[in-house]
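Please treat every number below as a calculation from the coordinates, not as lab data. Here the structure is a predicted model, which is why all the values come from computation and not from measurement. Glycine gets a Cβ as well: all are built from the backbone with ideal geometry, and neighbour counts include every protein chain shown.
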């Protein structure tokens with residue numbers, strides 16, 4: 001069984017923001033395979049299904065981005081999974097909009113949600129799907145940038161990014 005966690009912030013206030021691209025990918029993945037994130041656990045919404053031959057749990061932490069680790073630990077404990085069973089989908093400022101990168105392990109690269117997961121699991125030994133959201137002109141604008149919605153001009157690239165991320169996850173699940 002694999003746990004796929006899309007990072008984001010709960011609530012309609014954050015729908016469509018750059019920081020919630022992980023939620024968006026998870027929704028698209030669930031829709032493509034006809035299962036819905038509907039089960040409410042104390043720290044996450046989740047749903048179970050099968051992708052290819054792999055039993056999968058899709059989860060959206062409800063602890064807000066910077067406390068994602070708390071939800072991930074709860075999910076791993078609830079479903080008796082290890083960090084090696086974990087795939088995290090998250091936004092990445094260091095990648096251009098719509099670029100997808102796969103990473104097997106490592107540090108947080110300044111991403112507070114990933115940092116929280118590493119701190120709570122006490123390891124960086126989990127898989128990540130990094131989804132490029134671009135970068136603001138100034139470092140002072142980072143918080144406002146990640147919490148802002150994509151522009152209408154960017155939405156076609158966002159759709160491409162979501163589709164590519166779903167394909168990357170599907171490919172990964174065939175290999176493991």
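Based on the alpha-carbon gyration tensor of the chain, what equivalent-ellipsoid semi-axes (square roots of 5 times the eigenvalues) come out, in whole Å, largest first?
23, 18, 15
Rounded to the nearest angstrom and ordered from largest down, what semi-axes does the equivalent ellipsoid of region 1-64 get from its C-alpha gyration tensor (root of 5λ)?
Ellipsoid semi-axes (Å, largest first): 20, 13, 9.
To the nearest 10 degrees, how steeply does helix 112-121 sit against the main Cα axis of the chain, on a 0 to 90 scale?
So the inclination is approximately 20 degrees.
Based on the Cα atoms of region 67-129, what semi-axes does the equivalent ellipsoid have, where each is the square root of 5 times one gyration tensor eigenvalue, given in whole Å with the largest first?
21, 12, 10
Which length gain, in nm to one decimal place, applies between residue 48 and residue 170 when the Cα-Cα distance is subtracted from 0.36 nm times their residue separation?
Extra length from residue 48 to residue 170 when fully extended: 42.4 nm.
Specify the inter-centroid distance of region 1-80 and region 139-176, based on alpha-carbon positions, in whole Å.
That distance is 15 Å.
Would you mind checking the tilt of helix 155-175 against the longest principal axis of the Cα atoms of the chain, expressed as 0 to 90 degrees and rounded to 10?
Approximately 30 degrees, to the nearest ten.
Among bridges DSSP assigns within the chain, what percent are antiparallel (round to 5)?
For the chain, the DSSP antiparallel bridge percentage is about 50.
What is the helix-to-structure angle for 21-32, meaning the angle in degrees between its Cα long axis and the longest Cα principal axis of the chain, kept from 0 to 90 and rounded to the nearest 10?
The angle comes out at about 50 degrees.
Could you check the simple spin-label distance between residue 103 and residue 79, using points 7 Å along Cα→Cβ, in nm with one decimal?
With each label point 7 Å from Cα toward Cβ, the separation is 2.2 nm.
Using Cα pairs closer than 8 Å and at least 6 residues apart in sequence, work out the relative contact order for the chain, in percent.
With pairs under 8 Å counted, the relative contact order is 27 percent.
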